[in-house]
Amino acid sequence: MSSNQMNTKTSTDTRVGACVYLLHELLQRLEQQRPGLIADMAEGIANDRAAVHPEASASAASGCDIADEALRMLRLMSEQLRTR
């Protein structure tokens, strides 16, 4: 991997990380204003995830991975709010 490719990857990783961080903070603040929001989102994502069969295609498998990560993040947010 060239130096330029590494810099682009690092820049992209940083931007994605920043977006995740901002969304994390935003959703926690919305949860404080609208209790139950995160639980409702998690339920919807879990239902969507249950309807997808990862063995059907690479795209379906990727969608399952994304849903699983979204659920992990929502659970983390909920846990963090409980311990504040």
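The values are calculated or read from the model by the stated rules, or taken from the named source; none is laboratory data. Computed from a predicted structure; not experimentally measured. In this analysis, Cβ positions are derived from the backbone assuming ideal geometry, glycine residues included, and neighbour counts consider all displayed protein chains. Accessible surface is based on the protein model in full, side chains and every heavy atom, while ligands, DNA and RNA are left aside. Shrake-Rupley method; radii C 1.70, N 1.55, O 1.52, S 1.80 Å.
Some notes on this structure:
- Going by accessible surface with a 1.4 Å probe and the largest first, Leu30, Leu74, Leu23, Leu81 read Leu23, Leu30, Leu81, Leu74.
- Given +1 at the Cβ of Lys and Arg, -1 at the Cβ of Asp and Glu and no other charges, the dipole of the chain around its Cα centre is 340 debye to the nearest 20.
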